[in-house]
Structures are given as C-alpha cells and as structure tokens.
C-alpha cells in the first residue's frame with residue numbers, strides 16, 4: 001500500500017509514512033507544490049535550462065522558466081499526529097521518464113498537476129497511473145491569467161475514469177496543497193480498501 005511504519009517512542013506509538021508522487025507536465029508547478037507544503041527543506045535536483053535542451057523542451061507559455069528538475073524533488077509533510085507523507089516530485093520532460101518506474105515503486109498514489117493552458121501536457125502522467133492502477137487525483141494549478149475551468153470540464157477533457165477526483169489549487173499556497181494531499185490520501189484509501197474487498201470476495 002505504499003507506506004512504512006516506524007517506532008518513534010520506544011514502542012508506544014507507531015508512525016505511518018505514505019509515499020506520494022507529484023507528477024505532471026514540464027513547468028506545471030511540481031517543484032513549487034513540494035516546496036510549499038514541505039515542513040523540511042525540500043531536496044531539489046534542478047538545473048538551468050540549456051541551449052541544447054531548447055530542441056526537446058517545449059517552453060511555450062513558460063517565458064520565466066529557467067530551471068528544470070532532472071531527477072526528483074523530495075519533501076515531507078505531517079498530515080496529523082502519526083501520519084506523514086513523503087513527497088516525490090517527478091521530472092516533467094519525456095527524456096527523464098525512465099525515472100518514473102523507480103519513483104513509483106511503493107507509492108500509495110499520485111497528484112497529477114495540470115495547467116489548463118497546456119492541458120495536453122498531463123496526458124502522459126494520467127495514462128501512466130491509469131495503466132498501472134495507481135490511484136491519483138488531478139490538481140488544476142490555477143495560474144494567474146489562465147481561463148478558469150470547472151472540475152467537471154477538466155475531467156471530461158482528460159477523459160478520466162469515473163470517480164477520479166479533480167480539484168482546483170494554488171501550488172504556491174501551503175493550505176491549498178495540503179487539501180490536495182488529504183483528498184488524495186482519502187481517495188487512495190478507498191481504492192485500496194475496495195480492491196482488498198474484491199480480492200477477498
């Protein structure tokens with residue numbers, strides 16, 4: 001189910017740590033989200049965009065984008081006493097997707113960040129998690145100046161499986177990001193319970 005239990009007080013309390021992926025297209029706000037919600041200084045593997053990468057990285061609409069994640073982002077947030085989330089932000093460009101299989105091992109679920117100005121960029125992440133039966137929510141990062149769309153419109157545009165949550169968020173805001181993560185944990189918990197019951201039945 002993508003978690004670890006660690007004894008932190010000499011056997012008195014058992015902490016639950018869940019692994020969550022944060023995925024989506026290039027420049028959608030994955031590093032920003034991890035940094036905003038993490039209670040520790042996030043680990044980042046960002047490098048400056050190079051001229052060589054201009055031929056393979058689609059930066060249309062990302063005029064102020066100067067860096068890119070080349071391995072992963074890592075952060076941690078405590079949802080409540082005894083429950084922490086370890087966040088792994090995935091690289092967005094096609095050439096780094098070979099890392100996704102390693103990062104997804106043991107994950108409870110994923111957040112797929114979406115930008116309605118470049119909605120097609122999150123199709124690969126949606127397909128990846130659907131094909132591997134990894135529970136995920138789509139979090140629409142509401143960029144300033146972007147046209148507003150409702151959750152139902154985004155769900156239809158992405159042709160999501162029925163019941164897959166779509167939430168609106170501001171990746172820069174800690175409380176907004178935390179709400180997304182809580183929604184994912186609740187949804188993934190229901191999915192895992194349903195699968196367990198199906199396997200028993």
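General observations
- If you go through the range 81-102 and keep only what is touching a strand residue (DSSP E or B) at 6+ places or on another chain (Cβ under 6 Å) and at pLDDT below 90, you end up with 90, 91.
- Residue satisfying condition, being surrounded by fewer than 19 Cβ atoms within 10 Å (Cβ to Cβ), assigned to a helix (DSSP H, G or I) and out of contact with any strand residue (DSSP E or B) (no Cβ under 6 Å at 6 or more places or on another chain), within set 117, 172, 162, 183: 117
Listed here are the residues, each with its yes/no results for (1) without any contact (Cβ under 8 Å) to a residue 12 or more places away in the chain; (2) more than 20 Å from residue 186 (Cβ to Cβ).
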{"site": "111", "(1), (2)": "no, no"}
{"site": "114", "(1), (2)": "no, no"}
{"site": "124", "(1), (2)": "no, yes"}
{"site": "139", "(1), (2)": "no, no"}
{"site": "142", "(1), (2)": "no, yes"}
{"site": "151", "(1), (2)": "no, no"}
{"site": "162", "(1), (2)": "yes, no"}
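- Residue within the range 40-49 that is modelled with pLDDT of 50 or more and closer than 21 Å to residue 128 by Cβ present: yes
- Scan of the range 130-141 for residues that are surrounded by 19 or more Cβ atoms within 10 Å (Cβ to Cβ) and outside any strand (DSSP E or B), ordered by number: 135
- Some residue of the range 64-80 being surrounded by fewer than 11 Cβ atoms within 10 Å (Cβ to Cβ), touching a strand residue (DSSP E or B) at 6+ places or on another chain (Cβ under 9 Å), at pLDDT 80 or above and over 21 Å from residue 133 (Cα atoms): no
- Within the range 144-159, being part of a loop (DSSP other than H, G, I, E, B) and crowded, with 17+ Cβ neighbours inside 10 Å holds for one residue alone: 149.
- Output for the range 171-196, where each listed residue is touching a helix residue (DSSP H, G or I) at 6+ places or on another chain (Cβ under 6 Å) and within 16 Å of residue 31 (Cβ to Cβ): 171, 172, 174, 177
The values are calculated or read from the model by the stated rules, or taken from the named source; none is laboratory data. Here the structure is a predicted model, which means the values were calculated and not measured. Using ideal geometry, Cβ is built from the backbone for each residue, glycine included, and neighbour counts are taken over all protein chains shown.
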